[in-house]
Amino acid sequence: MYKPTKPTSTDLQLLSEIENLLRTRPSEGTISESTDEIFSWLGRVSSVISQIDVSRMPFLNMSIGKINSPFDVFGSVAGYREIMIALHMAQHELKMRTVGPTNIAVSQGAVFDYFDEIRKAIGAASLEVLFVDPYLDADFVSRYFPHVHSGVQVRLLTSKKKLTGLLPAIEMFAKQSGLSVVVRSSGDLHDRFLFIDKSTCYQSGASFKDGGRNAPTTLTQITDAFNAMWSTYDGIWNLGNEER
């Protein structure tokens, strides 16, 4: 079981730098460009990771090497994703040292507080987000999709209850933005979860479209039971009906 320790100023500074790196990250398509901005960003990544755990540097250097290879486009993509995973791993470790798992109580009517927590979670994704919620609708699309970074895939696992409004909204948003969205439905959904990059999980006490609107709710980060939750819902996804 996780036991929080007193955070150090260094841990807090490193966490702040990691989150800044994630916010300002270049896109997968531009990471291999030879610009001062890209070189500066990669240099900051190397500096931060070396301060967290110098033993990770050989692997990070290999990932950077893949990005800088002029003859291997697929290697550049793999290197970029490896760096994103390294940054998210470091972010998670530092959060556990400093603030611990996220546990938010949202009072009735505090819809912005709820939205802001979800926005920050999906804004940190670099590979994919998976929403599990039987009541996703068109309002959900306009509320959260604009905060998903370019290149991040969105997976929605929902029920058939609101597909008639959900799917057209997704089509229009995807056509305008180029966002990759895959939708599957299942009749075995009761709870609401958000998975980030297959490494972080949050459970919502209310539907993501309604959080805090009609009643108090909670947003809880799942840590000890993460593997079980991921296995369960990734399994339901694999058996779900393909809707989009």
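Details
- Every condition in (1) surrounded by fewer than 16 Cβ atoms within 10 Å (Cβ to Cβ); (2) among the acidic types (Asp, Glu); (3) within 18 Å of residue 115 (Cα to Cα) is met by residue 210 except one, and the failing one is (1).
- Looking across the stretch 156-170 at every residue that is in a helix (DSSP H, G or I) and in contact (Cβ under 8 Å) with a residue 60 or more places away in the chain, the one that is nearest to residue 128 (Cα to Cα) is identified as 170.
- Which listed residue, of 192, 244, is modelled with pLDDT of 90 or more and closer than 13 Å to residue 118 by Cβ: 192
- Options 198, 209; residue that is within 20 Å of the chain's Cα centre (by Cα), of a type in the set (Lys, Arg), more than 28 Å from residue 97 (Cβ to Cβ) and part of a loop (DSSP other than H, G, I, E, B): 209
- Out of 44, 56, 25, 97, one residue alone is under 17 Å from residue 120 (Cβ atoms) and either of a type in the set (A, V, I, L, M) or in contact with a helix residue (DSSP H, G or I) (Cβ under 8 Å, 6 or more places away or on another chain) (or both). It is 25.
- Each residue in the stretch 212-244 was checked for being without any contact (Cβ under 8 Å) to a residue 24 or more places away in the chain, of a type in the set (S, T, N, Q) and assigned to a loop (DSSP other than H, G, I, E, B), and 0 pass.
- Each residue in the stretch 171-195 was checked for being under 16 Å from the mean Cα position of the chain (by Cα) and part of a loop (DSSP other than H, G, I, E, B), and 2 of them qualify.
- Check on residue 169, buried (at least 17 other Cβ atoms within 10 Å of the Cβ), over 27 Å from residue 93 (Cα atoms) and touching a strand residue (DSSP E or B) at 6+ places or on another chain (Cβ under 7 Å): no
- Condition check for residue 226: at pLDDT 95 or above and either under 20 Å from the mean Cα position of the chain (by Cα) or aromatic (Phe, Trp, Tyr) (or both): no
The values are calculated or read from the model by the stated rules, or taken from the named source; none is laboratory data. Being a predicted model, the structure only gives us computed values, none of them experimental. Cβ coordinates were reconstructed from backbone atoms using ideal geometry, including for glycine residues, and neighbour counts include every protein chain displayed.
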